[in-house]
Amino acid sequence: MACVDTGGQPLPSTPPSALATQSCSHSSSVPLGPSTAERRRTLWMGGIRPSWDPALVASFFTDIGPVQDVTIKRNARKGWTDEYTRERVTFALVRFDSEAAADLALRVLHGTPIPSGEACFDLKPNLWAPPKPNQAHAMIAELLPDVGRAACSQSSMVQPAGEPSLRLQLEPLTISQLRERLQTFGCGSTAAVEAEAQRQGGRVAKKELLLELLCRCYQECPDQFPRRRVHVAAVHVPSRLTGPLVQELRSLVWPPKKRNLQAEQYLVLGVPQTGAAARNVDRYQHLWDLAKDMMDHMAPDFAYTSIAATKDFVGSPHVDMGDKTYQFAISLGNFTEGGELCVETSPFEVAVVSTKDRLAKVDGRYPHWVRAFTGGVRFSLIFFCVEGPATPREQPVYPEYLAA
């Protein structure tokens, strides 16, 4: 494996740069916040494989000194795909007990083989952190001159029970989508603070900044920027179709779970991604046939290429970037409460769709997630298409598949 050759010489350490004071859209300025001692003893580490956990990553630095903690960032948008293994590769933040240990690790280990032999150390100083709450509020006041502290402090956003944090719900949005949403809220230009964040921490830092600002708008000004929940139910599926499916899913021999998902089990039948060969259909033919029987009855015109089956899937806000069009979703099992499919329908509204023994037609290219559930097991089947021409996004939730 080719690694960076340091020639036995220590790499020059890069001191955290002083954070410049920047302005969003007005002459007054709001700092992003000075670098702290905590960040100076934290290193960014790239090339984190899906199978690695914090304990394993910490063990790579045994010869350097104690590692206080490791935070692995699993957000797929912040990673890349290994061209040989096709694994999704992400990054981690490694915090040492001291600045000296972090500096030593950077100088001695960067570019050298990792003990696991799978890659080389890719280390950088952690130069940037999102603004603190009071700084973010001041930045919002700059971006939204008509929204001052008094106007935003009368009430605060209430987090719905059983849902991922607001930050996780918004993470699937791209940088341009985050920027557009801030502008929808009446914000001025974020170009100056974006440029400073980009300079200090790259695109990851720029996205973290926009995420923080957007979260603060929702959390501190819920009357002006609401995030309403609209509860609906999908169309009911007859028990003669759902019963055999539940029985088959309960007896299923699931393959080893490879994806980093909040689910006990995960399986794709058919074409997993564009250009790939179909798989698992022969091995799970009975499940495929039962699912096809249901779709032939409920949505006979939908030409799906794939079925994703899960057991106890929860949370995991995401967008299905590989989908060519809308999808169908149903949940099954003996869970008694929760487990609804949440789909963001606008910057101000989230549809909470009841899918237990019900089939919903939604577009997975909008941010969506699953609420926590209680009382038993929750299975789900997602019917989607990854081949052929793409259709435009029309609506997040289709009313023709909602109960009257």
Quick check: is even one residue across region 216-230 of a type in the set (A, V, I, L, M, F, W, C), surrounded by fewer than 16 Cβ atoms within 10 Å (Cβ to Cβ) and closer than 22 Å to PRO396 by Cβ? yes
Which count do you get for residues in region 344-368 that are open to solvent by 10 Å² or more (accessible area, probe 1.4 Å), of a type in the set (D, E, K, R) and under 14 Å from ASP323 (Cα atoms)? 2
Strands (runs of 3 or more DSSP E) wholly inside region 304-362 containing at least 2 residues that are assigned by the TED database to the domain that holds GLY275 and touching a Cys at 6+ places or on another chain (Cβ under 6 Å): 349-354
So if I check each of LEU290, LEU341, which one is touching a residue at least 24 places away in the same chain (Cβ under 8 Å), in contact with a helix residue (DSSP H, G or I) (Cβ under 6 Å, 6 or more places away or on another chain) and open to solvent by 10 Å² or more (accessible area, probe 1.4 Å)? LEU290
Of all residues in region 165-221 being within 19 Å of PRO367 (Cβ to Cβ) and not in a helix (DSSP H, G or I), which is farthest from the chain's Cα centre (by Cα)? PHE185
Options GLU196, GLU208: the member that is more than 27 Å from VAL343 (Cβ to Cβ) and touching a residue at least 40 places away in the same chain (Cβ under 8 Å): GLU196
Considering only residues that are more than 17 Å from GLY322 (Cα to Cα) and of a type in the set (Val, Ile, Thr), look in region 369-395 and name the one that is surrounded by the fewest Cβ atoms within 10 Å (Cβ to Cβ). THR374
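The values are calculated or read from the model by the stated rules, or taken from the named source; none is laboratory data. None of the values given here were measured: they were computed from a predicted structure. Every residue, glycine among them, receives a Cβ derived from its backbone with ideal geometry; neighbour counts consider all protein chains shown. Accessible surface is based on the protein model in full, side chains and every heavy atom, while ligands, DNA and RNA are left aside. Shrake-Rupley method; radii C 1.70, N 1.55, O 1.52, S 1.80 Å.
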